[in-house]
1. Assess whether residue 244 counts as being surrounded by fewer than 21 Cβ atoms within 10 Å (Cβ to Cβ), more than 16 Å from the ligand (Cβ to nearest atom) and not in a helix (DSSP H, G or I).
2. If you take the residues in segment 116-134 that are open to solvent by 30 Å² or more (accessible area, probe 1.4 Å) and in contact (Cβ under 8 Å) with a residue 40 or more places away in the chain, which one is farthest from the ligand (Cβ to nearest atom)?
3. I'm trying to understand the selection: among the residues of segment 313-333, which are under 25 Å from residue 263 (Cβ atoms) and either β-branched (Val, Ile, Thr) or assigned to a loop (DSSP other than H, G, I, E, B) (or both)?
4. Does segment 188-232 hold any residues that are of a type in the set (A, V, I, L, M), within 16 Å of residue 147 (Cβ to Cβ) and within 15 Å of the ligand (Cβ to nearest atom), and which are they?
5. Which numbered condition trips up residue 322, out of (1) open to solvent by less than 20 Å² (accessible area, probe 1.4 Å); (2) closer than 29 Å to residue 197 by Cβ?
6. Given the conditions (1) β-branched (Val, Ile, Thr); (2) surrounded by fewer than 17 Cβ atoms within 10 Å (Cβ to Cβ); (3) in contact (Cβ under 8 Å) with a residue 60 or more places away in the chain, which single one is not true for residue 269?
7. Kindly indicate the residue of segment 90-115 that is surrounded by fewer than 11 Cβ atoms within 10 Å (Cβ to Cβ) and more than 25 Å from residue 42 (Cβ to Cβ) and also modelled with the lowest pLDDT among those meeting that condition.
8. Just wondering, is there one or more residues in segment 223-232 that are modelled with pLDDT of 95 or more and outside any helix (DSSP H, G or I)?
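The values are calculated or read from the model by the stated rules, or taken from the named source; none is laboratory data. None of the values given here were measured: they were computed from a predicted structure. Methodologically, a virtual Cβ is constructed for each residue, glycine included, from the backbone with ideal geometry; neighbour enumeration extends over all protein chains shown. These area figures cover heavy atoms from the full protein model, side chains too; ligands, DNA and RNA do not enter into them. Shrake-Rupley method; radii C 1.70, N 1.55, O 1.52, S 1.80 Å.
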Amino acid sequence: MRAPPELGSPAWPVPAAALVMGACGGPQSTLDPAGRDAEVIASLFWWMAAGAALIWLAVVGLTIHSARDRPKPHTHEEATLLIIVGGAVVPTVALAALLSHGLSLMRETLAPPPEGSLKIAVSGEQWWWRVRYLTPDGGSIELANEVRLPVGERVEFQLESPDVIHSFWIPSLGGKMDMIPGRRTRLALEATRTGLFQGVCAEYCGTSHALMKFSVVVLEKRDFIRWLDHQAEPARAPAQPLARRGQELFLRNGCSACHAVRGTPAAGVVGPDLTHVGGRRGLGAATLPNERDDFVRWLASTESLKPGVHMPAFGMLPAEELQALAAYLDGLE
Ligand code: CUA
């Protein structure tokens, strides 16, 4: 193994910067914006970082200057001037400029979306996301833990929570907004490029706060419409014998008391709507991927995978029954 570069050598900033900047990309980065509001926030961050670097350089420069070049004490007048300018005037001017700039950006990012734009109601549950696309006829299309958006269109999120405070945040697209029980908060976002991103909960809300994520897929408008039309459809009846047995087990074991699968007798409203669960990108609010084996793991050990989750584990079922249930759920695409 090669020895690490010494701090005195000019090569060390390269790996150090790679380590620090490595976290700047990816599906959940505020510094790799994919939304109009995220661009505004990222530019504010870079201006603040540059300003902070300038102030830091000035303070370090002054320290070196006073230690090396001026080891003698200042006169009373010089010291007073330094305190008034450096301790009061400069911070007041810098913070006032930052505040007024920040407030003007806030007005821009909190502007409501245009009339008739797409509306998506999202409720923060313990610990998952109930997502409802509101339709013009006053109805809604319900899904969970996944949001898909058309690119280049400003959409409105209507945010709420039945019990504790969560915070809805898609770092790549824009700022965060609290979800407060008994109130409806709103957030408008506009994705500027297609791709796969990740949303998180940004307010500590209980044991599994960190296991409460959702996928955000930004699509071209026509692909988005096709996807939403499919989400509105009821579940397709299972074709394979194993999946058909899984459906029987699903209805017999009481799953339908909490979960809905549209087009079947399952109409529970406590847990996530599972009508198209097999077509989602993750399972258990992005706790697991979405393959058949993941369904088996999830069903058998919900409580150890996600501490505090309301869904009981079904590990007491024989392996063959878990396989059948997984085949049914995975097939609900
Ligand atoms: Cu929900 Cu933290």
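1. Numbers: surrounded by fewer than 21 Cβ atoms within 10 Å (Cβ to Cβ): yes; more than 16 Å from the ligand (Cβ to nearest atom): yes; not in a helix (DSSP H, G or I): no.
Spelling it out, it is not the case that residue 244 is surrounded by fewer than 21 Cβ atoms within 10 Å (Cβ to Cβ), more than 16 Å from the ligand (Cβ to nearest atom) and not in a helix (DSSP H, G or I).
2. Filtering segment 116-134 for residues that are open to solvent by 30 Å² or more (accessible area, probe 1.4 Å) and in contact (Cβ under 8 Å) with a residue 40 or more places away in the chain, the one farthest from the ligand (Cβ to nearest atom) comes out as 130.
3. At the first step, the residues of segment 313-333 found to be under 25 Å from residue 263 (Cβ atoms) are 314, 317, 321-333.
Of everything in segment 313-333, those that are under 25 Å from residue 263 (Cβ atoms) and either β-branched (Val, Ile, Thr) or assigned to a loop (DSSP other than H, G, I, E, B) (or both) turn out to be 314, 317, 331, 332, 333.
4. Filtering segment 188-232 down to residues of a type in the set (A, V, I, L, M) leaves 188-189, 191, 196, 200, 202, 210-212, 216-219, 225, 228, 232.
Going one step further and asking which of them are within 16 Å of residue 147 (Cβ to Cβ), we end up with 188-189, 191, 196, 200, 202, 212, 216-219, 225, 228, 232.
Those that are of a type in the set (A, V, I, L, M), within 16 Å of residue 147 (Cβ to Cβ) and within 15 Å of the ligand (Cβ to nearest atom): 200, 202, 212.
5. With (1) open to solvent by less than 20 Å² (accessible area, probe 1.4 Å); (2) closer than 29 Å to residue 197 by Cβ applied to residue 322, the lone miss is (2).
6. In the conditions (1) β-branched (Val, Ile, Thr); (2) surrounded by fewer than 17 Cβ atoms within 10 Å (Cβ to Cβ); (3) in contact (Cβ under 8 Å) with a residue 60 or more places away in the chain, residue 269 misses (3) alone.
7. Residue satisfying both the conditions and the ranking: 115.
8. Filtering segment 223-232 down to residues modelled with pLDDT of 95 or more leaves 223-232.
From what's left, outside any helix (DSSP H, G or I): none.
The answer is no, given that none of the residues of segment 223-232 is modelled with pLDDT of 95 or more and outside any helix (DSSP H, G or I).
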